[in-house]
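See structure below.
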Amino acid sequence: MKAVQVTGYGDVDKLEVVDIPVPTPKEGEVLLKVKACGINNTEIWMREGAYGQGGKSGWRPEGVQFPRIPGSDITGEVVEVGANVPESMKGKDVVLFPFTSSGENGLEHISEDMSFIGSEYDGGYAEYVVWPYELCYDMPLATYKDSAAFTVSGLTAWHMVEQIKAKRGETIVVTGANGGVGSLNVQIASKVFGAKVIAIVGDMALEEKMKELGATHVLTYKSENLADDIVKVNNGPIDSVLDVVGDALFSTLLQVLKKGGKYCISGSAGGQKTELDFRTLYLKHITLFGSVLGTREEFQKMLDAIANGQIKPVIDRTYPLEEAREAQTYFKDSGKLGKIILLPSEE
């Protein structure tokens, strides 16, 4: 089969198109013909070594073992089943829950043995992949491409909104609002939980599109007075922040949080380290949440909301599998809206 492997830490030249054997499903597994695979920051940062290198590079203590096939937002058709897998699975169109874990229900994402597809297991930058059948869910939409726009970013966004316990009528600032996680934060917070959303973007040409996704107000982080802008459009301080940017906006957004406000972060595209005056936290009674991925229950809730039309796919561009280098390069450009999808095989 055709696949793209990461051969080590470095730039996109570490992505190589290879021809390798089709994997065989073991007991409890299925073989999936991959139809679409979304791109995430996760596999790019893994390749770049942003999570660390060697034993600190992945989700497990031993680190990522190269070569590795990346990709975790996977949809496709089950074409073969392993032992002790119902034959009825064959022919199903599914989306894959992206990690294994021995954690009990509700704590799967914080289990010490959590292992991620595309990091600890070979992932979806390939024509075929094997995965436990119990982690295969019915596709929420009619097409593979649209259904691949949610897995990691959607689960991450859903869990972030659950973390802050968003309520109808509250005001939530969403950073990186035009990205994969951010665009879903906007939709989930506004259209599922009923909150008012202030979307932060770089390019105000995206304003109308962000409002279509559910944003009440759209502001640019390029403003010299962003804190004042936020307080003005909201007529006062905000209730919560959903942040994927990190350092670049951290101090500004702490300023505009109300007393008792909540700040949830699940990314640091704008800087991984920051300065923090602890007095800001305790004098304002602010709660900080670190968040990544989520639970199987949240994944099912997300799929139900997608199937019901509350959350819609936002896709910027698609690429054939062979152009994974170009796709990852484009992914890092600013100004895009939504997901970048690889298509290993035609729908």
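The values are calculated or read from the model by the stated rules, or taken from the named source; none is laboratory data. A quick note: this is a predicted structure, and the numbers were derived from the prediction, not measured. Backbone-built Cβ (ideal geometry, glycine too); neighbour counts: all protein chains shown. Only protein heavy atoms, including side chains, enter the accessible area calculation; ligands, DNA and RNA are left aside. Shrake-Rupley method; radii C 1.70, N 1.55, O 1.52, S 1.80 Å.
If the condition is being exposed (fewer than 15 other Cβ atoms within 10 Å of the Cβ) and more than 18 Å from GLY169 (Cβ to Cβ), then segment 228-254 contributes ASP228, LYS232, ASP247, SER251. Considering only residues in segment 93-125 that are among the β-branched types (Val, Ile, Thr) and touching a Phe, Trp or Tyr at 6+ places or on another chain (Cβ under 9 Å), the one that is nearest to VAL78 (Cα to Cα) turns out to be VAL94.
Across segment 304-311, not a single residue is classified as among the polar types (S, T, N, Q) and in contact with a strand residue (DSSP E or B) (Cβ under 9 Å, 6 or more places away or on another chain). Restricting PHE299, PHE278 to those that are among the aromatic types (Phe, Trp, Tyr) and touching a helix residue (DSSP H, G or I) at 6+ places or on another chain (Cβ under 8 Å) reduces the list to PHE299. Going residue by residue through segment 322-342, is there one that turns out to be crowded, with 18+ Cβ neighbours inside 10 Å, in contact with a helix residue (DSSP H, G or I) (Cβ under 8 Å, 6 or more places away or on another chain), assigned to a strand (DSSP E or B) and modelled with pLDDT under 95? Checked segment 322-342: at least one residue is crowded, with 18+ Cβ neighbours inside 10 Å, in contact with a helix residue (DSSP H, G or I) (Cβ under 8 Å, 6 or more places away or on another chain), assigned to a strand (DSSP E or B) and modelled with pLDDT under 95. Kindly check whether there is at least one residue in segment 271-278 that is part of a strand (DSSP E or B) and under 18 Å from THR42 (Cα atoms). No, segment 271-278 has no match at all. Between GLY194, GLY182, the distinction of being surrounded by fewer than 21 Cβ atoms within 10 Å (Cβ to Cβ), under 24 Å from ALA307 (Cβ atoms) and not acidic (Asp, Glu) belongs to GLY194 only.
Restricting attention to segment 249-264, the residues being basic (Lys, Arg) and either touching a Leu at 6+ places or on another chain (Cβ under 7 Å) or touching a residue at least 40 places away in the same chain (Cβ under 8 Å) (or both) number 1. When segment 37-52 is limited to residues that are open to solvent by 10 Å² or more (accessible area, probe 1.4 Å) and among the small types (Gly, Ala, Ser), the one that is farthest from ASP316 (Cα to Cα) turns out to be GLY52.
Only one entry in THR220, THR175 is of a type in the set (Ser, Thr, Tyr), in contact with a Gly (Cβ under 8 Å, 6 or more places away or on another chain) and open to solvent by 10 Å² or more (accessible area, probe 1.4 Å), namely THR220.
The set of residues in segment 275-291 that are under 22 Å from PRO237 (Cα atoms), touching a Ser or Thr at 6+ places or on another chain (Cβ under 8 Å) and surrounded by 15 or more Cβ atoms within 10 Å (Cβ to Cβ) contains only ILE286. Listed by position, the strands (runs of 3 or more DSSP E) contained in segment 148-234 that have at least 2 residues being in contact (Cβ under 8 Å) with a residue 24 or more places away in the chain are 171-174, 196-201. The residues of segment 276-305 that are more than 15 Å from the chain's Cα centre (by Cα) and either within 14 Å of VAL152 (Cβ to Cβ) or among the aliphatic types (A, V, I, L, M) (or both), listed by number, are LEU276, LEU281, LEU283, ILE286, LEU288, ALA305. Annotation: LYS262 fulfils all but one of (1) surrounded by fewer than 17 Cβ atoms within 10 Å (Cβ to Cβ); (2) more than 30 Å from ALA148 (Cβ to Cβ); (3) basic (Lys, Arg); the unmet one is (1).
Results for (1) more than 27 Å from ARG47 (Cβ to Cβ); (2) out of contact with any Lys or Arg (no Cβ under 7 Å at 6 or more places or on another chain); (3) assigned to a loop (DSSP other than H, G, I, E, B); (4) open to solvent by 30 Å² or more (accessible area, probe 1.4 Å), shown as yes or no for each residue.
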{"residue": "VAL79", "(1), (2), (3), (4)": "yes, no, no, yes"}
{"residue": "VAL85", "(1), (2), (3), (4)": "yes, yes, yes, no"}
{"residue": "SER102", "(1), (2), (3), (4)": "yes, yes, yes, yes"}
{"residue": "GLU112", "(1), (2), (3), (4)": "no, yes, yes, yes"}
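Give me the residue from segment 87-100 that is over 19 Å from THR295 (Cβ atoms) and surrounded by 14 or more Cβ atoms within 10 Å (Cβ to Cβ) and, out of that set, nearest to the chain's Cα centre (by Cα). It comes out as ASP93.
Residues that are under 23 Å from GLU87 (Cα atoms) and part of a loop (DSSP other than H, G, I, E, B) were ranked within segment 125-140; the one that is farthest from the chain's Cα centre (by Cα) is GLU127.
Give segment 292-321 a look and list any residue that's of a type in the set (Phe, Trp, Tyr) and open to solvent by 10 Å² or more (accessible area, probe 1.4 Å), or say none. Once the filter is applied, which keeps residues that are of a type in the set (Phe, Trp, Tyr) and open to solvent by 10 Å² or more (accessible area, probe 1.4 Å), segment 292-321 yields only TYR319.
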